[in-house]
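These notes concern the structure reproduced below.
The values are calculated or read from the model by the stated rules, or taken from the named source; none is laboratory data. Computed from a predicted model, the values in this text were never measured in an experiment. When we count neighbours, we look across all protein chains shown, and the Cβ atoms used for this are built from the backbone with ideal geometry, even at glycine.
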Amino acid sequence: MTRWPRVQLRRIAHLAYGDSLADSERLDGLVPVYGSNGKVGVHDRANTSAPVLIVGRKGSFGKVQFSDEKVFAIDTTFYIDASQSRADLRWLYYAISTLGLDSLSEDVGVPGLSRERAYAQRLPLPKPDEQRAMANCLDTETARIDALIEKKRRLVALLEERVHSTTVAVVLGDFGQQGSPSRSGFFRVAPASWSETSLRHLDCEVQTGPFGSQLHSGEYVEGGWPVVNPMNLVDGSILAVETMTVTDNKRAELARHILRIGDIVFGRRGEMGRAGLVDDRSEGWLCGTGSLRLRLRGTRLLPEYLKLLLETAPLRAYFELSSVGSTMDNLNSEILLACPVLVPELIQQRLIITEVESTQRSHRAAQAALRQQIDLLVEHRQALITAAVTGELDIPGVAA
């Protein structure tokens, strides 16, 4: 194992403060503007030389980025260029990434990186030629790993596209049935045995989540009854993702918003077409302010089928075209009740549900496996960097 002196970061580099640059002050140009989480725009001048390291100071504090061109580093960042360090900056990029700077925040409220705490961190300091050899090796190896990670991420995205395309094909009868053009124009074809109507003619109750004084931020508590908003609608399911909760008394006060098995929760703000079916895991939860609750009272539609139909591309387009609001897309109960609906026979609805759920299960399993592989590659990448920086990895040109 190579032994190098361990020195404080303050002896290797100076963390220079970025400069204030509001959106309105940025001029058209080709210089990237960097914030703590990456590129946030362009400007007509730089405040660094090249290459340069950008270190998050506020927000995504401790995140380290490398640029081989001049940038404008804004005031939520530190930067290190040749004027701030005599070390090989590619080596320093890898070395600093092993320090865990994202765990050094002392600020209350907005997370921030303390420069003094960062300076106190120690790093093994190789000779300049060893720094260059190490950087060359890590550039090659991390590029290979990054390419593999990107390939797997593209496969995850492709599987997601296939989930949606298969759902559309099956739900809308595009798998071989003959039909005539859709009356509404939102569906490519209406199979001959299927009827088409609007949701309001199918005995469906639509209710908007509680407004304003009915449920305000001060009434949320920890460990209470979950309130379902659009962020909780993930891949057709209702998940407890950053779920806000209320007390038993508040739930009783909002009894008409309590969810039952078979209800559909539909996001009415932001991204159109996010829906979730209430099952035994989310039964008794509350419909939130940003959602609509659908409850079928008739017998012509199965809730599982309606949920799948609402998520298809034609109806997503309908909701986007019909949404209201000046700053954010917004749906109301009237828009939802007016949406066109294809109504197959119940036996066909059950076949559709089975077909789609089977396809989704296999695709989701494949996506989960790919995401696990990506996580392992990310871990391997960081372990490789750490081994190189600490001298545990044999590198040509670096003394053993």
Checklist entry - Only one of (1) in contact with a Cys (Cβ under 9 Å, 6 or more places away or on another chain); (2) farther than 21 Å from residue 9 by Cβ; (3) surrounded by 15 or more Cβ atoms within 10 Å (Cβ to Cβ) fails for residue 388. Which number is that? => result (2)
Checklist outcome for this item: Heads up, the helices (runs of 4 or more DSSP H) in the stretch 298-400 (entirely inside) with at least 1 residues that are in contact (Cβ under 8 Å) with a residue 60 or more places away in the chain and in contact with a Leu (Cβ under 6 Å, 6 or more places away or on another chain) are 303-310, 333-337, 346-390
Checklist entry - Quick check: anything in the stretch 147-157 among the charged types (D, E, K, R) and either at pLDDT below 90 or assigned by TED's automatic domain parsing to the domain that holds residue 300 (or both)? => result no
Item to check | Enumeration of residues in the stretch 270-298 that are more than 25 Å from the chain's Cα centre (by Cα), surrounded by fewer than 22 Cβ atoms within 10 Å (Cβ to Cβ) and aliphatic (A, V, I, L, M) | outcome: 296
Next on the checklist: Among the residues that make up the stretch 169-177, is at least one of them more than 25 Å from residue 380 (Cα to Cα), surrounded by fewer than 19 Cβ atoms within 10 Å (Cβ to Cβ) and modelled with pLDDT of 70 or more?
Outcome noted: yes
Next on the checklist: For the condition closer than 22 Å to residue 206 by Cα, surrounded by 15 or more Cβ atoms within 10 Å (Cβ to Cβ) and either touching a Cys at 6+ places or on another chain (Cβ under 9 Å) or of a type in the set (A, V, I, L, M) (or both), what is the one hit in 306, 321?
Outcome noted: 306
Item to check | Candidate set from the stretch 354-396 (those that are aliphatic (A, V, I, L, M) and at pLDDT below 90); member that is nearest to residue 159 (Cα to Cα) | outcome: 356
Next on the checklist: So in the stretch 62-82, with the set limited to residues that are of a type in the set (Phe, Trp, Tyr) and within 14 Å of residue 13 (Cβ to Cβ), which one is surrounded by the most Cβ atoms within 10 Å (Cβ to Cβ)?
Outcome noted: 79
Checklist entry - Out of curiosity, is residue 29 modelled with pLDDT under 95, assigned to a loop (DSSP other than H, G, I, E, B) and either touching a His at 6+ places or on another chain (Cβ under 8 Å) or of a type in the set (S, T, N, Q) (or both)? => result yes
